[in-house]
Amino acid sequence: MYKIFLLAGPNNNLPLLNKSMYVNLQFNGEHGGSSDIDTKGWPHYSLALQMIKMFFVADLNMRLDSECIEKKIRYYESCVERLNRVHMEVERSAFYPRLLVSLKQLKDLWGVYNSVVGRYVIDASILNYRFVSDKLLWTLNSNTFGDESERQLLRYKSRNDIYMNRKLRLMFLRFKFAEIDALAKRVHFELRTESFAHTSMYDDFNKYLEFINGKDESDLNNELDPLGKVLENPALSVYEDEEATGGSEFKKDEVNFYNFIDGTSCGHVYFGEVESNQNQFTIPNHIYIKSISSLRYFKVLNFLLVQPRKKPKPDYIINEILEAREMDEYSGKNLPYLNEVTQIIFND
């Protein structure tokens, strides 16, 4: 019965078919009103978690070939080792320290991409379901999804943002490897020719791009040590839709994509967390409306406020709240959080 329930998806009505199914499949996001977030005694939490993992957890690394990326990292680590063996005092090239920095940046970013909190995000469409509560959302952290050393909250993303991040991660890693390749070959050229230049010549972003995009398909590892062990430097996959990154909603510029700092591109763990990106998720209006009278929804609202998201349209939501107050559900009702919600809307 559990398998049928999961395969039927989050919109199925199986719990409503009879009392027995309701008892066995119904999930209460409030956990009996307890303030404890321990999930061991939470009826059907494991079933709810399975459904969330199946339908609402998105993997941002779907386009990344881990084996290929690891091979490329080993290739450029070998380039650094061979540069040190072939040339005396590699530090004479001002580009050598920048090469080391760039390689470390790549390895650090790749490590974050492979962490639970860096790899997985929650599809924000989950917020439209009635089982959502702040207690449930608090449990959906990296610890719940297998990283025992981390308790960071997973990000919430719209489906458009998820799609965009999957593309941009691959595109940036491809560019970052090109940066490392260009720097390594520059170091080798300078040490081989005794012709040295200062790195400041590429501190200008446009000149930096020209430097990185210069075509040099030579195999540096083999050039440094023709008789040494042959290491593979495979090409990353290319997808036809890569350039379609959301049109005017996201600009692939010096800051938003490259994150150009001190002569290298640092990239981002999550791309598009800027106001100009209209693809970011928005807190659903019904959460604001229900928050004026419901502690449960008020807590959900406060939980979501720390998430990077598209800001609400204050006038529109306030108008919906005023219209809601004329409905039977809210008429004559005590609205303990009305002032707080109103302040949140206008201060956000």
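The values are calculated or read from the model by the stated rules, or taken from the named source; none is laboratory data. If you're wondering where the values come from, they're calculated on a predicted model, not measured in any experiment. Ideal geometry is used to build each Cβ from the backbone, glycine not excepted, and the neighbour counts take in all protein chains shown.
Do we have Ser133 as closer than 30 Å to His44 by Cα, surrounded by fewer than 19 Cβ atoms within 10 Å (Cβ to Cβ) and either of a type in the set (Gly, Ala, Ser) or in contact with a Phe, Trp or Tyr (Cβ under 9 Å, 6 or more places away or on another chain) (or both) here? Considered against the rule, which asks whether it is closer than 30 Å to His44 by Cα, surrounded by fewer than 19 Cβ atoms within 10 Å (Cβ to Cβ) and either of a type in the set (Gly, Ala, Ser) or in contact with a Phe, Trp or Tyr (Cβ under 9 Å, 6 or more places away or on another chain) (or both), Ser133 comes out as yes. Among the residues of the stretch 206-215, those that are under 13 Å from Phe175 (Cβ atoms) and under 28 Å from the mean Cα position of the chain (by Cα) comprise Tyr208, Leu209, Ile212, Asn213.
Here's a check for you: in the stretch 309-320, which residue that is part of a loop (DSSP other than H, G, I, E, B) and within 18 Å of Asn128 (Cβ to Cβ) is modelled with the lowest pLDDT?
So the first thing to find is which residues in the stretch 309-320 are part of a loop (DSSP other than H, G, I, E, B), and the list is 309-313.
From what is left, the residues that are within 18 Å of Asn128 (Cβ to Cβ) are 309-310, 312.
Details: Arg309: 94, Lys310: 93, Pro312: 87.
This residue is Pro312.
In the stretch 321-348, of all residues being out of contact with any Pro (no Cβ under 6 Å at 6 or more places or on another chain), among the aliphatic types (A, V, I, L, M) and surrounded by 12 or more Cβ atoms within 10 Å (Cβ to Cβ), the one that is modelled with the lowest pLDDT corresponds to Ala324. Residue pairs whose Cβ atoms lie under 6 Å apart, separated by 6 or more positions or on different chains, with the first residue in the stretch 228-243 and closer than 19 Å to Glu81 by Cα and the second aromatic (Phe, Trp, Tyr), are Leu231/Tyr75; Asn233/Tyr75.
Consider Val269 carefully, then state whether it is among the β-branched types (Val, Ile, Thr), touching a Gly at 6+ places or on another chain (Cβ under 8 Å) and closer than 28 Å to Trp110 by Cα. Spell out how you get there, then give the answer.
On the way: among the β-branched types (Val, Ile, Thr): yes; touching a Gly at 6+ places or on another chain (Cβ under 8 Å): yes; closer than 28 Å to Trp110 by Cα: yes.
So Val269 passes the test.
Every residue, every condition in (1) of a type outside the set (Asp, Glu); (2) within 22 Å of Ile69 (Cβ to Cβ); (3) at pLDDT 95 or above, yes or no:
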residue	(1), (2), (3)
Pro97	yes, no, yes
Leu106	yes, yes, yes
Ile126	yes, no, yes
Val132	yes, no, no
Leu140	yes, no, no
Thr144	yes, no, no
Tyr156	yes, no, yes
Leu170	yes, yes, yes
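Checking each residue in the stretch 114-130 for being crowded, with 19+ Cβ neighbours inside 10 Å, more than 21 Å from Pro43 (Cα to Cα) and not charged (D, E, K, R) picks out Val117, Gly118, Tyr120, Val121, Ile122, Ala124. Among residues that are farther than 24 Å from Ile69 by Cα, small (Gly, Ala, Ser) and surrounded by 14 or more Cβ atoms within 10 Å (Cβ to Cβ), Ser265 is not included.
Answer yes or no as to whether Phe56 is of a type in the set (A, V, I, L, M, F, W, C), in contact with a strand residue (DSSP E or B) (Cβ under 9 Å, 6 or more places away or on another chain), over 30 Å from Pro234 (Cβ atoms) and modelled with pLDDT of 75 or more.
yes
With respect to Leu301, is the statement that it is surrounded by 14 or more Cβ atoms within 10 Å (Cβ to Cβ), over 30 Å from Phe205 (Cα atoms), within 24 Å of the chain's Cα centre (by Cα) and not polar (S, T, N, Q) true? So Leu301 fits the description; yes.
Please determine whether any residue of the stretch 156-173 is exposed (fewer than 15 other Cβ atoms within 10 Å of the Cβ) and touching a residue at least 24 places away in the same chain (Cβ under 8 Å). Yes, the stretch 156-173 contains a residue that is exposed (fewer than 15 other Cβ atoms within 10 Å of the Cβ) and touching a residue at least 24 places away in the same chain (Cβ under 8 Å).
Scan the stretch 48-60 for residues that are buried (at least 19 other Cβ atoms within 10 Å of the Cβ) and either part of a loop (DSSP other than H, G, I, E, B) or without any contact (Cβ under 8 Å) to a residue 24 or more places away in the chain (or both) and jot them down. Passing the criteria: only Leu60.
In this structure, does Arg119 turn out to be under 25 Å from the mean Cα position of the chain (by Cα), touching a residue at least 40 places away in the same chain (Cβ under 8 Å) and under 24 Å from Cys266 (Cβ atoms)? Explain how you work it out, then say what you get.
Working: under 25 Å from the mean Cα position of the chain (by Cα): yes; touching a residue at least 40 places away in the same chain (Cβ under 8 Å): yes; under 24 Å from Cys266 (Cβ atoms): yes.
Yes, satisfied.
Scanning the stretch 260-308 for residues that are among the hydroxyl-bearing types (Ser, Thr, Tyr), over 24 Å from Val121 (Cα atoms) and assigned to a helix (DSSP H, G or I) yields a single hit, Ser291. The helices (runs of 4 or more DSSP H) falling completely within the stretch 130-215 that include 1 or more residues that are among the hydroxyl-bearing types (Ser, Thr, Tyr) and out of contact with any Leu (no Cβ under 9 Å at 6 or more places or on another chain) map to 159-193, 205-213.
Restricting attention to the stretch 174-202 and to residues that are free of Cβ contacts under 8 Å to residues at least 24 places away in the same chain and of a type outside the set (Gly, Ala, Ser), the residue that is nearest to Cys266 (Cα to Cα) turns out to be Met201.
Looking only at the stretch 268-298, which residues are surrounded by 18 or more Cβ atoms within 10 Å (Cβ to Cβ) and polar (S, T, N, Q)? Scanning the stretch 268-298 gives Asn277, Asn279, Gln280, Ser291, Ser293.
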